[in-house]
1. Of all residues in the range 69-83 being surrounded by 17 or more Cβ atoms within 10 Å (Cβ to Cβ) and of a type in the set (A, V, I, L, M), which is nearest to the chain's Cα centre (by Cα)?
2. Quick check on this structure: which one of 168, 197, 184 is farther than 30 Å from residue 9 by Cα and under 20 Å from the mean Cα position of the chain (by Cα)?
3. What tally of residues in the range 116-158 results from selecting those that are out of contact with any helix residue (DSSP H, G or I) (no Cβ under 6 Å at 6 or more places or on another chain), within 16 Å of the ligand (Cβ to nearest atom) and more than 18 Å from residue 357 (Cα to Cα)?
4. Could you count how many residues in the range 264-304 are closer than 30 Å to residue 223 by Cβ and touching a helix residue (DSSP H, G or I) at 6+ places or on another chain (Cβ under 9 Å)?
5. Against the conditions (1) under 17 Å from residue 283 (Cβ atoms); (2) not assigned by TED's automatic domain parsing to the domain that holds residue 272, where does residue 161 fall short? Just the number, please.
6. Restricting attention to the range 305-330, which residues are over 21 Å from residue 129 (Cα atoms) and in contact with a Gly (Cβ under 6 Å, 6 or more places away or on another chain)?
7. Does the range 292-303 include one or more residues that are closer than 30 Å to residue 173 by Cβ, of a type outside the set (Phe, Trp, Tyr) and part of a strand (DSSP E or B)?
8. What are the pairs, 6+ residues apart or on separate chains, where a residue within the range 87-107 that is small (Gly, Ala, Ser) has its Cβ under 8 Å from a residue that is part of a helix (DSSP H, G or I)?
Amino acid sequence: MNYFGVRDVEVAVIGAGQAGLAAAFHLRRTGYRPDGDFVVLDHSPQPGGAWQFRWPTLTYDAVHGMHALPGMALTDADPARPSAEVIGGYFAAYERRFGLRVHRPVSVTAVRDGDDGRLRVETSQGGYAARAVINATGTWDRPFWPRFPGQQDFRGRQVHSAQYRGPAEFRGARVVVVGGGTSAVQQLIEIAPVAAATTWVTRRPPEFHSGPFGADEGRAAVALVAERVRQGLPPRSVVSVTGLPMTEAVRRARESGVLDRLPLFARLTPDGVAWDDGRTVAADVLLYATGFRAAVDHLAPLRLREAGGGIRLAGTRVVRDPRVHLVGYGPSASTVGANRAGRAAVREVRRLLAETPAGPAGPAAGSGDARAAEDREVPPELVGQVPGPGRE
Ligand SMILES: Cc1cc2nc3c(=O)[nH]c(=O)nc-3n(C[C@H](O)[C@H](O)[C@H](O)COP(=O)(O)OP(=O)(O)OC[C@H]3O[C@@H](n4cnc5c(N)ncnc54)[C@H](O)[C@@H]3O)c2cc1C
């Protein structure tokens, strides 16, 4: 720690969701010491990343294609338990097992250019001077609220899917659900049986795909998002290009008409929503399942955005500042993508730190060892029986 209470580290990992933990695992695996060479900062109260906030009725079996973190399987999960509990417990066990020492709740408020080529990471609990930053802050903190004419005059409730806690609060209400993603579909299916009426509106006609979503389709979908990010455009969510899985529940909901969809309305009225052709639907609640944007406001002082409004990446590296990597962003915003991005970012950061001499502050203690230990595997004492989620 220097005179001003700023701690020098080689790498600051911001966010301890799937992407941040994957990065921390690979730092650890290659010999970087937690709290010496790297630090992991997270502003949520508990382990689990954004999963801890997901609605209690989102059970583990409703989550499709959740990939375990690197180095530790997620075994014996009860499919009927809320995914927030299953994954929260699994992340907690993971952090303990690999000794990742996540600092929480710690909010990163800004990342700026610091002295000696370092990045100054300002937090709610002091500062860090880091030679590289791996940003893994996800999207949960930035729900996207669309704007419509008449919104301020609507007399009912307007909520975002991020606030959804289950169908009970919609009992007897007339609900309009806005948005064409998985959350819209899952929440509609839950709400329809208890609501007085539901209406689904989406900007584009939804595309359902039956049968397994193959590796080729997955790669093609991710490539579409990756191309946007390479061009410096704001990323779209991976799900927005993969389409919606046709599960048994979806099939039943389509047959019963719950998923009959209308195009987006033109405006809100005091009593509901209205289209330009004169059609109206009365509503007590508008539920916006309209997705999220990348939570990267704290990086604004670095001026990473391109004219297109996005942050241009080469792999996980920010083109405008190679000291900064974004993981869980754009094409890596899925559990499998976050795993791969965490690994790729660590590989590049190690290369960068090896090539760039440290400033007068000098390298953090142990970092020489860290680089020498390039391909060292997980320390043997950390390898043991894989614990089940929440059972440690
Ligand atoms: C409802 C829903 C269902 C999903 N289902 C699936 C699925 O079935 N399969 C799949 O592969 N993917 C799914 N995804 C996507 C997947 O959850 C994420 O892409 C993946 O978990 C990667 O998460 P992450 O680490 O990037 O972000 P997060 O899990 O959001 O973690 C980010 C962390 O950063 C912290 N943070 C944010 N800002 C700051 C700050 N300024 N300072 C400090 N800390 C900060 C947060 O507290 C949080 O802990 C789903 C997403 C949603 C929204």
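1. Filtering the range 69-83 for residues that are surrounded by 17 or more Cβ atoms within 10 Å (Cβ to Cβ) and of a type in the set (A, V, I, L, M), the one nearest to the chain's Cα centre (by Cα) comes out as 69.
2. Result: 184 is the single residue among 168, 197, 184 that is farther than 30 Å from residue 9 by Cα and under 20 Å from the mean Cα position of the chain (by Cα).
3. Qualifying residue count for the region: 15.
4. Number satisfying all stated conditions: 6.
5. Among (1) under 17 Å from residue 283 (Cβ atoms); (2) not assigned by TED's automatic domain parsing to the domain that holds residue 272, residue 161 violates only (2).
6. 306, 308, 310, 312, 328
7. No, because not a single residue in the range 292-303 is closer than 30 Å to residue 173 by Cβ, of a type outside the set (Phe, Trp, Tyr) and part of a strand (DSSP E or B).
8. 88/51; 88/52; 99/28; 99/382
The values are calculated or read from the model by the stated rules, or taken from the named source; none is laboratory data. Bear in mind the structure is a predicted one, so any value in this text is a computation, not a measurement. Reconstructed Cβ throughout: ideal geometry from the backbone, glycine too, with neighbour counts over all protein chains shown.
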